[in-house]
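Below is one structure, written out as structure tokens; the observations come after it.
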Amino acid sequence: MPNRAGSAPIKTRARTGRVTAKTVVDTAVLLADTEGIDAVSLTRIASELGVTQPSIYRHINGIQELKKAMVLRARELLVADLREAAIGRTRDEAVLAVATAWRHFVRVHPGLYDATDRIATAGDTDLESSLDQVVHVLAMSMKGYRLAPDEQVHSARSVRSALHGFVALEKEAGHPPAAGLDQSFERLVALLVAGIRAMELPEAVAGATSRRK
């Protein structure tokens, strides 16, 4: 969990070298993951980088642009983790792997993950595209199931919604203390894969659909 007590310097201070848009975002990510997303401000980032706040504006055009950059970073890293988790796996094993990777990502990057809820995706082409990538990699993890193309997308969205809800509650201690969260997570995935299997096409229909592609 992030350290939310006080505002001591974060573990890695980027006080040497040239300040760039990347170092600004890197610092924001580290600050969010160590102290929480609410600790991220241009003033604090400038302090961590050893520059004046106006210097930050040469690279990031305000806090909203920084939040957007954090969302894009979060989804880029999440997609990479999900894609790697799914390699060599199929059907239930693939869904379990990406679900576990999602949960692990939030444990490693709790503050960065919070950023994805701090800015609206709809209406922003870049953010919409980044979310499409998340749904796409989830859908690809389900290719082993006999799902119609539309059903594959709907199932991917459902899995995303379920995982986001679970990890958001877990991150904020929203489950009862004695809930046995690992077992609850396993059951959540079991429910998801059972639902996905229930949506599979009959063998004959699936074969015909495959031949038309």
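Worth pointing out:
- For the range 138-155, the candidate set comprises residues that are in a loop (DSSP other than H, G, I, E, B) and without any contact (Cβ under 8 Å) to a residue 60 or more places away in the chain; within that set, the residue that is nearest to Glu76 (Cα to Cα) is Ser141.
- Residues of the range 48-88 classified as without any contact (Cβ under 8 Å) to a residue 12 or more places away in the chain, farther than 30 Å from Tyr145 by Cα and in a helix (DSSP H, G or I), total: 3
- Any chance Glu84 is over 19 Å from Leu112 (Cα atoms) and either open to solvent by less than 20 Å² (accessible area, probe 1.4 Å) or in contact with a helix residue (DSSP H, G or I) (Cβ under 8 Å, 6 or more places away or on another chain) (or both): yes
Every residue, every condition in (1) surrounded by fewer than 17 Cβ atoms within 10 Å (Cβ to Cβ); (2) farther than 30 Å from Val40 by Cβ; (3) among the small types (Gly, Ala, Ser), yes or no:
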| site | (1), (2), (3) |
| --- | --- |
| Trp102 | no, no, no |
| Thr116 | no, no, no |
| Ala120 | yes, no, yes |
| Asp132 | yes, no, no |
| Met140 | yes, yes, no |
| Leu147 | no, yes, no |
| Ser155 | no, yes, yes |
| Ser158 | yes, yes, yes |
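- Qualifying residues in the range 38-47 (those that are part of a helix (DSSP H, G or I) and out of contact with any Phe, Trp or Tyr (no Cβ under 9 Å at 6 or more places or on another chain)) - the one surrounded by the most Cβ atoms within 10 Å (Cβ to Cβ): Ile45
- Of the residues Leu66, Leu30, Leu78, the single one that is in contact with a Phe, Trp or Tyr (Cβ under 8 Å, 6 or more places away or on another chain) and either surrounded by fewer than 16 Cβ atoms within 10 Å (Cβ to Cβ) or at pLDDT 90 or above (or both) is Leu78.
- Screening the range 3-26 for residues that are under 23 Å from Ala168 (Cα atoms), surrounded by 12 or more Cβ atoms within 10 Å (Cβ to Cβ) and more than 17 Å from the chain's Cα centre (by Cα) and picking the one that is modelled with the highest pLDDT gives Asn3.
The values are calculated or read from the model by the stated rules, or taken from the named source; none is laboratory data. Quick caveat, the model's predicted, so the values are computed rather than measured. As a convention, Cβ positions derive from the backbone with ideal geometry for all residues, glycine included, and neighbour counts pool all protein chains shown. What goes into the accessible areas is simple: the full protein's heavy atoms, side chains included, and nothing from ligands, DNA or RNA. Shrake-Rupley method; radii C 1.70, N 1.55, O 1.52, S 1.80 Å.
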